[in-house]
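Down below is the structure, laid out as structure tokens.
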Amino acid sequence: MSANPLAPSWLAVPDDANGLPAAVWSRNAARSESGELTIAGVGATALAERFGTPVYVVDEADVKARAAGIRASFDREFARVGSAAKVYYAGKAFLSTEVARWVTDAGLNIDVASGGELAVALAAGVDAARLGLHGNNKSLAEIDRAVGVGVGAIVIDSRIEIERVADAAQRHGRVQPVRLRINSGVHASTHEYLATAREDQKFGIPLADAADHVALIRAHPSLQFLGLHSHIGSQIFESDGFAEAARRLFALHAELLEGGPVPELNLGGGFGIAYTSVDEPLSIDEIAVRFADIVAGGAAELGIPVPVVAIEPGRSIIGPSTTTLYTVGTIKDVLVDGAATRKYVSVDGGMSDNVRPSLYGADYSVRIANRASDAEPALVRIAGKHCESGDIVVRADYLPSDVRPGDLVGVPATGAYGWAMSSNYNYLARPPVVAVLDGEARVIVRGETEEDLLSRDMGVTR
Ligand SMILES: Cc1ncc(COP(=O)(O)O)c(C=O)c1O
């Protein structure tokens with residue numbers, strides 16, 4: 001079958017429109033003998049019947065394996081270059097108490113970006129010393145709580161925060177370890193990076209001002225300087241942007257060593273994952289090898305000890321684990337410019353459970369989940385049910401052309417920034433998050449009800 005001319009150039013007609021490419025689907029996704037999608041041995045139909053749709057289905061063993069895998073790869077590679085690595089899971093990608101426990105049990109720390117994320121990590125029983133707090137505008141209350149509970153690191157993002165954190169530490173009688181976030185001028189996404197003198201964005205301190213800021217930090221007896229921090233972007237497939245940022249930070253890192261200890265260097269997160277069959281991110285093993293080489297090489301060039309490196313991956317740990325199941329409601333074959341037809345398949349969720357396609361133009365994949373089919377593939381667009389024409393879940397993929405109302409469809413790789421960025425637009429209730437493991441399913445975050453939706457409206461009479 002030839003490609004539909006409305007398909008993007010990267011999208012080929014699949015040999016098997018029922019196939020589940022291993023790079024895109026969670027490790028324990030499979031087709032049963034009857035053709036149904038199963039995740040960790042639990043069938044899509046049973047999940048939909050028990051929990052309704054939409055539902056986020058998290059492959060628990062997949063998350064645990066990725067968390068343990070990244071820990072092992074970075075431990076191994078940084079031991080090779082005579083140093084060590086600290087891995088923080090970036091909770092902004094998705095955080096619940098269960099997930100906090102899964103990743104900390106695997107030896108990871110957690111990076112939180114607000115008082116709310118801090119509260120979830122603490123509610124999970126995570127030792128505060130294993131938490132890092134981020135944010136370009138932390139409130140005084142957030143800083144006070146973080147210092148008071150003893151978070152292991154606060155990433156200072158502006159000059160004004162130095163005093164705020166120092167004051168809080170003094171009040172609590174603590175010495176607070178801090179990092180300084182640097183605006184390195186390097187920004188990366190997928191295959192390319194851009195390097196400027198200074199990136200035009202809100203995060204961090206310009207490189208040129210960093211030494212003064214570190215001097216201010218060091219002048220406070222209530223602060224301990226851990227090192228520099230840089231995060232250059234997200235969904236990155238290559239290591240050259242990280243190498244450029246590390247190169248820029250290293251010169252400063254070496255200079256700072258002359259004034260006192262700089263034990264760590266934080267290179268942030270942003271490792272890419274596959275959302276479609278053409279995405280080919282580096283493996284975590286390969287990233288660890290390259291990071292260790294970059295850092296050891298930079299240290300050797302400047303004749304300084306290899307620092308302990310911290311990283312903050314979110315998407316690469318949780319993203320591939322989750323599949324969102326939807327029910328197909330309506331289908332329209334839309335003839336475009338009289339030339340070709342695009343099948344609009346509308347589902348019972350949309351931009352409220354996954355805003356990334358409408359926010360960033362992100363691409364996803366889709367498969368029929370309740371059955372397999374031999375019908376010819378047809379180009380589809382999976383649309384949501386919101387009152388926005390930009391409410392798209394999957395911009396383009398091929399599904400068997402007999403897809404019909406009542407079918408379940410599965411959209412893989414929705415674990416990162418899906419639930420975390422969900423909303424109640426059009427008063428849709430947020431779907432539940434269900435963990436599946438060894439043939440069992442359990443709710444880890446319950447879905448909202450109509451009562452939840454009305455509960456904050458003070459005019460409701462009961
Ligand atoms: C400072 C910082 N660290 C880590 C991350 C995690 O990025 P990713 O989920 O792409 O690994 C982000 C994401 O925005 C971030 O801003």
Inside segment 395-431, can you point out the residues that are crowded, with 24+ Cβ neighbours inside 10 Å and within 26 Å of Pro313 (Cβ to Cβ)? Val411, Pro412, Ala413, Thr414, Gly415, Ala416, Gly418, Trp419, Pro431
If you take the residues in segment 395-421 that are of a type in the set (Gly, Ala, Ser) and within 16 Å of the ligand (Cβ to nearest atom), which one is nearest to Pro54 (Cα to Cα)? Gly418
Considering only segment 203-300, give the strands (runs of 3 or more DSSP E) lying wholly within it that have at least 3 residues that are touching a residue at least 12 places away in the same chain (Cβ under 8 Å), more than 21 Å from Ser158 (Cβ to Cβ) and within 16 Å of the ligand (Cβ to nearest atom). 233-236
Among the residues of segment 17-40 satisfying the criterion of being farther than 13 Å from Val57 by Cα and of a type in the set (A, V, I, L, M, F, W, C), which is surrounded by the most Cβ atoms within 10 Å (Cβ to Cβ)? Ala17
List pairs: first in segment 432-456 and surrounded by 11 or more Cβ atoms within 10 Å (Cβ to Cβ), second at pLDDT below 95 and among the hydrophobic types (A, V, I, L, M, F, W, C), Cβ under 8 Å, 6+ apart or cross-chain? Leu454/Val460
If only one of Ile294, Ile304, Ile311, Ile287 is of a type in the set (Val, Ile, Thr), surrounded by fewer than 21 Cβ atoms within 10 Å (Cβ to Cβ) and under 16 Å from Ala246 (Cβ atoms), which one is it? Ile304
Which condition from (1) away from the ligand (no atom under 16 Å from the Cβ); (2) within 30 Å of Gly135 (Cβ to Cβ); (3) in contact with a Gly (Cβ under 6 Å, 6 or more places away or on another chain) is the one that Val308 breaks? (3)
With criteria (1) in a loop (DSSP other than H, G, I, E, B); (2) over 19 Å from Ala274 (Cα atoms), Thr414 comes up short on (2)
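Go through the residues of segment 376-390 one by one and say whether even a single one is in a loop (DSSP other than H, G, I, E, B), more than 16 Å from the ligand (Cβ to nearest atom) and over 17 Å from Ser346 (Cβ atoms). Can you show your working first?
Taking segment 376-390 and keeping what is in a loop (DSSP other than H, G, I, E, B), we get 376, 384-390.
Of the ones still in play, those that are also more than 16 Å from the ligand (Cβ to nearest atom) are 376, 384-390.
Checking which are over 17 Å from Ser346 (Cβ atoms) leaves us with 376.
Yes.
Between Gly152, Gly125, Gly135, Gly148, which is touching an Asp or Glu at 6+ places or on another chain (Cβ under 7 Å) and more than 30 Å from Glu280 (Cβ to Cβ)? Full working, then the answer.
Details: Gly152 fails: touching an Asp or Glu at 6+ places or on another chain (Cβ under 7 Å); Gly125 fails: touching an Asp or Glu at 6+ places or on another chain (Cβ under 7 Å); Gly148 fails: touching an Asp or Glu at 6+ places or on another chain (Cβ under 7 Å).
One residue alone meets the criteria, Gly135.
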Only unsatisfied item for Ala254, checking (1) farther than 30 Å from Gln170 by Cα; (2) surrounded by fewer than 23 Cβ atoms within 10 Å (Cβ to Cβ), is (1)
Test result for Thr190, more than 16 Å from the ligand (Cβ to nearest atom), in contact with a Gly (Cβ under 7 Å, 6 or more places away or on another chain) and of a type in the set (Ser, Thr, Tyr): no
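The values are calculated or read from the model by the stated rules, or taken from the named source; none is laboratory data. Only a predicted model underlies this, so the values are computations on that prediction, with no experimental measurement involved. FYI the Cβ positions are ideal-geometry reconstructions off the backbone, even for glycines, and counts take in every protein chain you see.
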